[in-house]
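Derivation of every value follows stated rules applied to the coordinates shown; laboratory data play no part. Predicted model only: the values in this text are computed from it and were never measured. Here the Cβ is made from the backbone with ideal geometry for all residues, glycine too, and neighbour counts use every protein chain on show.
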Amino acid sequence: MNKKILALVVGTRPEAIKMAPLYRALEKSPHLTPYLLSTGQHREMLQQTLAAFDLRPDADLALMQANQTLPELTGRVLVAMTGWLAAHQPAAVLVQGDTTTAFAAALAAFYARVPVGHVEAGLRTYDFSAPWPEEMNRRLADPISRWCFAPTELSRANLLSERIPAADIHVTGNTVIDALLWMRERQRGLTANPLERAARCGVPEAMAARYFGETPRRWVLVTGHRRESFGDGFEDICRAILRLAEAHPDLGVIYPVHLNPHVQEPVRRLLAGHPRIALVAPLGYEDFVWFMDRAHFILSDSGGVQEEAPSLGKPVLVMRTTTERPEGVTAGTSRLVGTDPEAILREADVLMSDPAAYATRAALRNPYGDGNASRRIVEVLERDIP
Ligand code: UD1
Ligand code: UDP
């Protein structure tokens, strides 16, 4: 019997992480088969991330350009996806999240009358300026979709309030937890020396000895890349990091810097050369999970990190004013601090000097999933695509 082809479209780092477990689950299906289609919205970071899961795209549209603009990228994805769909005619297209790839691929599939499944449907801030442009991307992808795979009950409620039919919504958990648990399990057997591993990831030797040696000191993991923070927001983030390092003379900072030039420029200009701040290249997922596990806390504007941190028992200070992932805030793991240095410092001080508050915020929780989201998604697809 010829298996039905499902195109899993990925373009950026988080899409790769969240689609990888779904790809693996679909491989086991008796009558469906996954086809990994990369738009190449990210080049290096996508390839690095897929490699962590031993995956390679079945086809790569290779659309990234340096310093790309939203309209150019959207147009390229729409046109290239349309050509690919005409040539391959898959039974369905699966998109993930809220990127340009996810939205434009969903729209191309809609125009081609190919059914769409949206993985991670229903996340909302109800503020189109934050995150920008992601809030619009996901709002547009959901009504296009024949299947809305909502990670939580809250995301289902958001979809219902927008009159998405109840029958099209399936609460599955977030596949990022499948990926995280899989990656942690995979690391268990490894006995790599922490000092060597930190150094291999670009942490300078003196810092590696201090923060990964026999009596490791505390350090903070930082990531940041949101467009609405470009310019002043990023300057503020960098100033906050400098002030944090000054206020706590023992504290280290490890910051894998996103490859977007709007991020690279201010971060390198303001933070390079500090003896306790390590600016490293984006980390492969296996290394990033390892670092998250060892950080005292995390300072980030990332969506995926907000979802992973509760499962690792790591408090996150979220450098945003609003979040489509309020479950972590409700659970107590995440706290919104924006990009204002005063607010970041105030909240960081609590995590540095109040062990009781830290312990409460670091309790293990899984508000975003139990590790079985991919299996639930495949069950729905197997039922609906005979
Ligand atoms: C994109 C997504 C964002 C997601 C983020 C994850 C959109 C509009 N934005 O933001 O939702 O949270 O990815 O990281 O879809 N670059 C490289 N190499 C890479 C990746 C990026 O050089 O591997 C540089 C290029 O100059 C590229 C620029 O970064 O033009 C911006 O990449 P783009 O995907 O457009 O935006 P991100 O800020 O990465
Ligand atoms: N991540 C990674 N390497 C890094 C930084 C982040 O593998 O150097 C992972 C992280 O664990 C999370 C995902 O990338 O799963 C988040 O991606 P990003 O912050 O780029 O995008 P967002 O989630 O904000 O859309």
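Brief remarks follow.
- Hits in the stretch 353-369 (condition: in contact with a helix residue (DSSP H, G or I) (Cβ under 8 Å, 6 or more places away or on another chain) and either assigned to a helix (DSSP H, G or I) or of a type in the set (Gly, Ala, Ser) (or both)): Ala357, Tyr358, Arg361, Gly369
- Within the set Leu107, Leu32, the sole residue that is touching a Leu at 6+ places or on another chain (Cβ under 9 Å), away from ligand 1 (no atom under 16 Å from the Cβ) and within 26 Å of Thr152 (Cβ to Cβ) turns out to be Leu32.
- So Ala209, is it assigned to a helix (DSSP H, G or I) and away from ligand 2 (no atom under 16 Å from the Cβ): yes
- The lone criterion from (1) touching a residue at least 60 places away in the same chain (Cβ under 8 Å); (2) within 16 Å of ligand 1 (Cβ to nearest atom); (3) of a type in the set (Phe, Trp, Tyr) left unmet by Phe149 is number (2).
- Residue under evaluation Ala357, criteria (1) buried (at least 16 other Cβ atoms within 10 Å of the Cβ); (2) among the small types (Gly, Ala, Ser); (3) free of Cβ contacts under 8 Å to residues at least 24 places away in the same chain, criterion not met: (1)
- Residue match in the stretch 302-310 (condition: in a loop (DSSP other than H, G, I, E, B), touching a Ser or Thr at 6+ places or on another chain (Cβ under 9 Å) and within 30 Å of Gln47 (Cβ to Cβ)): yes
- Only one entry in Ala278, Ala272, Ala295, Ala343 is buried (at least 21 other Cβ atoms within 10 Å of the Cβ), out of contact with any helix residue (DSSP H, G or I) (no Cβ under 7 Å at 6 or more places or on another chain) and farther than 20 Å from Leu154 by Cβ, namely Ala295.
- Total residues in the stretch 133-150, condition of a type in the set (A, V, I, L, M, F, W, C), closer than 23 Å to Gly328 by Cβ and either away from ligand 2 (no atom under 16 Å from the Cβ) or part of a loop (DSSP other than H, G, I, E, B) (or both): 3
- Among the residues making up the stretch 151-200, those that are away from ligand 2 (no atom under 15 Å from the Cβ), of a type outside the set (Lys, Arg), closer than 30 Å to Arg294 by Cβ and in a helix (DSSP H, G or I) are Glu185, Pro194, Leu195, Glu196, Ala199.
- Residues of the stretch 315-340 that are away from ligand 1 (no atom under 16 Å from the Cβ), free of Cβ contacts under 8 Å to residues at least 60 places away in the same chain and surrounded by 22 or more Cβ atoms within 10 Å (Cβ to Cβ): Pro315, Leu317, Gly328, Thr333, Ser334, Val337.
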